[in-house]
Each structure stands twice: as C-alpha cells, then as structure tokens.
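Trainee: One structure follows; several queries about it will come next.
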Amino acid sequence: MAAANESEKKSTIREYYEALLIAIVFINFARIFAFQAFKIPSGSMEDNLLTGDHIFVNKFIYGPKEPFASGLLPLRDPRRGDIVVFRYPEDPRTDFVKRVVGLPGETVTIREKRVFIDGRELAEPYVLFLDKRTFRANHPFATRDHFGPFRVPPGEYFTMGDNRDNSHDSRFWGTVPRAMIKGRAFIVYWSFELEGSPDNRLEEIGMVLRGFFANTRWRRTFFIVDRKYHYGNE
C-alpha cells in the first residue's frame, strides 16, 4: 500500500511538472511568435498612445508567409496607418513605435507639415501639432516641416510619430527595413501616469505601488489602438 501511495505521489508530481513545462513553453512561444508587451516611453505618438501606456503587440500578423499558411492565417505586410513596433535601425537594441506613412516604392514629400504620397496629400486625422511654427529650408530643424521628395526603398517603410512636432522618426534617420518590424500595436492593457522621472527601476516600482489606483488611467484599459487614415479615395 505504501509503495502504491508513493507511486501515486510521484505520478501527481510528474503531472504538475509536465503541466508547468507545457505552460512555460506555450508562454514563450506566444511571446516570441505571437504577442509581446511593450511600454510607451515617450510622447511621440500622442494623443493616440500616451507615455506610460502598456500595450500588446501583435507579432503574428506580419509573420513569415510559409506555404502552408497561405490563405489560412491572417498574415500580411504592414499597411499605411498601422502603428508598428520595430528595432531602431541606428541601434537595434532599442525598440521604437511609430505609424507607417510611406510604403515601399512610394515617394514621400512634406511641405509645411503636410504629407504627400506620390504627389497626393495624405489626410491624417490622428496627427497632433503642438508647435504652430513652420521652419523654413535654412533652419536647422527644417527637416521636421519640409522633407523630400524621397522615394522609399524596396522592402522598407517610412514611419512617423503622430505627435508630429516632437517625434524622432524617418524624417531624421531614414526608413525601417521590413525585417526589423516586430509587429503591430493593437491594444492598451494598462496605462499608468508616473509623477516625475524615476532614477532607477526600483524607484519606478515603488511609485507604481504607491500610486497604482490613483495614477492608473482606467479609461484607457483595453483601448484599441487607432488605425485611421485617409489617402485619396482609399
């Protein structure tokens, strides 16, 4: 009887171990291939994404197009208007989040803050302008308001922040190769407004614990990330 109980105990432990192992494998699979959590570190995407928004990124949507997946899985290339998370081309260790504006082969031109794609103006209801000034060609910041014409290379994307006057984007450092795009931002699962700038991770955790209920932006919970744009008759 004792031997039977010992065997049953080992069997139970093994079942828990296998379940835990499967859960770890599944979580890692989802993190690597399907979803990734990302924190918005700056205001370059305001008012659509705020500093302190925590979002899920759909990594699967831009996955490799394997033959077996064709027509069965929702895989596609990035589209104009998608808000994407990608590895910053000048420092691949850093992730950026911006909106896709120009597609491969298109010509992007910016005149007095207005964006033109192949000569046609892009209506952008999502854009925020905080600086009413327009810098001219001889100004050090002229690239912000006047750019191009620039032809987007094959397999690359021209991205810009919605907070157009305060965004470090393709106007300044170039386009994003397709292979560096991780996925599309699609939902805010938590948003927290930090009071001040913590010096380290421990201080940030302390601020979150103290102000979790007061500083959480509850109205932004499960906020669906915007994809609105209009181009000609699209």
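The values are calculated or read from the model by the stated rules, or taken from the named source; none is laboratory data. On a predicted model such as this, the values are computed, not experimentally measured, just so you know. Cβ sites come from the backbone with ideal geometry, for glycine too, and all protein chains shown count toward neighbours. Quick note on the areas: whole protein, heavy atoms, side chains included, nothing else; ligands and nucleic acids left out. Shrake-Rupley method; radii C 1.70, N 1.55, O 1.52, S 1.80 Å.
Trainee: Which residue is farthest from the chain's Cα centre (by Cα), if the candidates are limited to region 190-202 and must be open to solvent by 70 Å² or more (accessible area, probe 1.4 Å) and at pLDDT 75 or above?
Mentor: Restricting to residues being open to solvent by 70 Å² or more (accessible area, probe 1.4 Å) and at pLDDT 75 or above, the top hit is LEU202.
Trainee: Where the second residue is outside any loop (DSSP other than H, G, I, E, B) and open to solvent by 70 Å² or more (accessible area, probe 1.4 Å) and the first is within 25 Å of ASP82 (Cα to Cα) and in contact (Cβ under 8 Å) with a residue 60 or more places away in the chain and lies in region 118-136, which pairs have Cβ atoms under 6 Å and are six or more apart or on separate chains?
Mentor: Correct list of pairs: ALA123/HIS230.
Trainee: Further question: Kindly check whether there is at least one residue in region 154-166 that is loosely packed, with under 14 Cβ neighbours inside 10 Å and over 15 Å from the mean Cα position of the chain (by Cα).
Mentor: Looking for residues that are loosely packed, with under 14 Cβ neighbours inside 10 Å and over 15 Å from the mean Cα position of the chain (by Cα), one finds at least one in region 154-166, hence yes.
Trainee: Sticking with this one: Could you tell me whether region 149-169 includes any residue that is within 23 Å of ASP47 (Cα to Cα), among the hydrophobic types (A, V, I, L, M, F, W, C) and free of Cβ contacts under 8 Å to residues at least 12 places away in the same chain?
Mentor: no
Trainee: Here's a follow-up. When you scan region 120-143, how many residues do you find that are under 18 Å from ASP162 (Cβ atoms) and open to solvent by 100 Å² or more (accessible area, probe 1.4 Å)?
Mentor: 2
Trainee: Right, here's the next one. Looking at ILE205, is it in a helix (DSSP H, G or I) and at pLDDT 70 or above?
Mentor: Values: in a helix (DSSP H, G or I): yes; at pLDDT 70 or above: yes.
Criteria met by ILE205.
Trainee: Still on this structure: Kindly indicate the residue of region 77-89 that is in a loop (DSSP other than H, G, I, E, B) and open to solvent by 30 Å² or more (accessible area, probe 1.4 Å) and also modelled with the lowest pLDDT among those meeting that condition.
Mentor: ASP77
Trainee: Quick one: is PHE68 under 25 Å from the mean Cα position of the chain (by Cα), modelled with pLDDT under 90 and surrounded by fewer than 16 Cβ atoms within 10 Å (Cβ to Cβ)?
Mentor: no
Trainee: Which of the residues that make up region 137-183 are of a type in the set (Ser, Thr, Tyr) and in contact with a Lys or Arg (Cβ under 6 Å, 6 or more places away or on another chain)?
Mentor: Result: THR143, THR159.
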